[in-house]
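Structure first, then comments.
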Amino acid sequence: MRLADKSAIVTGAASGIGLAIATRLGTEGARVVIADLVGANAQAAAQAVRKAGAPDTAVSAGDVSDEVAVAQCCRLALARFGKFVNNAGLIMFTPLEAFTSADWLKVLSVDLLGAVHFTREAFAHMTNGGSIVNISSVHALETTPHVAPYAAAKAALLSLTRSTAIEGRARGIRANAILPGAIDTPMLWENPNIKSGVETISPEDVGKPEQIAAAAAFLASDDAAFVNGAALNVDGGRLARL
């Protein structure tokens with residue numbers, strides 16, 4: 001198993017892509033900290049990840065935009081520190097001119113600053129090196145109407161990943177990003193742009209959370225030891241055809 005004797009903190013891990021990533025890392029031998037805003041769902045996710053084969057799981061309930069909650073999560077995982085997957089995400093659908101400053105700050109706090117907080121903790125505690133995998137989005141490169149803060153945050157997350165890769169190299173810390181396309185999760189099907197027909201998606205362009213998880217497991221493993229600062233599109237080739 002590629003991640004035997006390793007540990008992972010996966011944010012947004014109670015459902016969707018985050019749960020798929022936590023499950024995949026667990027089946028590859030990692031001990032997994034399930035970090036999510038919803039404690040009850042996180043407990044159920046931890047049980048599911050253990051059932052799938054993870055040697056150990058723990059739960060940290062908290063908001064990734066809260067620096068204190070992030071520090072508490074990292075202290076919980078400190079004894080088995082190793083990997084991070086920053087997956088927590090928030091999206092709002094509003095015309096650009098209608099977004100308030102509070103709306104922008106709400107989205108940026110989760111989609112960008114959450115990763116910033118965990119990265120800072122990683123630099124402080126991952127003294128033996130490790131891997132950070134940030135979950136960005138194809139919206140960082142090509143986007144649609146009414147999601148300006150989300151697209152901007154995901155683009156900034158790519159820049160943060162590059163900076164982390166540069167500054168983390170001396171610490172033995174690698175940082176890479178995954179850019180999922182349309183993935184079969186509630187976030188996709190509850191998207192007002194999809195429901196209204198503003199954005200259309202062919203069934204062949206819809207991936208599974210497990211496919212994002214496979215990419216995350218690779219980037220977190222020693223198989224990707226020479227991969228640093230990369231942005232990996234996992235979108236079935238959709239952007240390549242646009």
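Summary table
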| item | result |
| --- | --- |
| Highest-first arrangement of 175-185, 114-124, where packing means the average Cβ count within 10 Å | 175-185, 114-124 |
| Test item: Cα-centred dipole of segment 1-58, Lys/Arg +1 and Asp/Glu -1 on Cβ, debye | 120 |
| Amide H within-cut-off set for Thr57, under 5 Å, with H built and near neighbours excluded | Val32 |
| Other-chain or far-sequence residues with amide H under 5 Å of Ala182's (modelled H) | Gly207 |
| In nm, spacing of pseudo-spin labels at Ser163 and Asp223 (7 Å Cα→C-beta vector) | 3.2 |
| Among Ala151, Ser131, Ala230 - extreme Cα towards positive end, dipole of the chain, charges at beta-carbon | Ser131 |
| Point-charge dipole on Cβ atoms (K/R +1, D/E -1) for segment 156-208, about Cα centre, debye to 20 | 460 |
| For peptides 6-16, 225-235, 127-137, sequence by mean Cβ density within 10 Å, most packed first | 6-16, 127-137, 225-235 |
| Percent RCO, i.e. relative contact order, over segment 7-231, from Cα pairs under 8 Å lying at least 6 residues apart | 20 |
| Cross-link table Lys6/Lys208; Lys106/Lys154; Lys6/Lys51, entries beyond 22 Å C-alpha to C-alpha | Lys6/Lys208 |
| Distant-in-sequence amide H partners of Gly130 (H built 1.01 Å from N, under 5 Å) | Ile173, Arg174 |
| Given charges at Cβ of Lys, Arg, Asp, Glu: the chain dipole, positive-most of Leu19, Thr100, Ala30 | Ala30 |
| Only Lys, Arg (+1) and Asp, Glu (-1) charged, at Cβ; segment 1-124 dipole about Cα centre in debye | 620 |
| Anchor Lys195: aspartates and glutamates whose Cα lies under 15 Å away (excluding residues fewer than 8 positions away in-chain) | Asp184 |
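All of the numbers you see were taken from the coordinates with simple rules; none came from a lab. None of these values were measured; they are calculated from a predicted model. Every residue, glycine among them, receives a Cβ derived from its backbone with ideal geometry; neighbour counts consider all protein chains shown.
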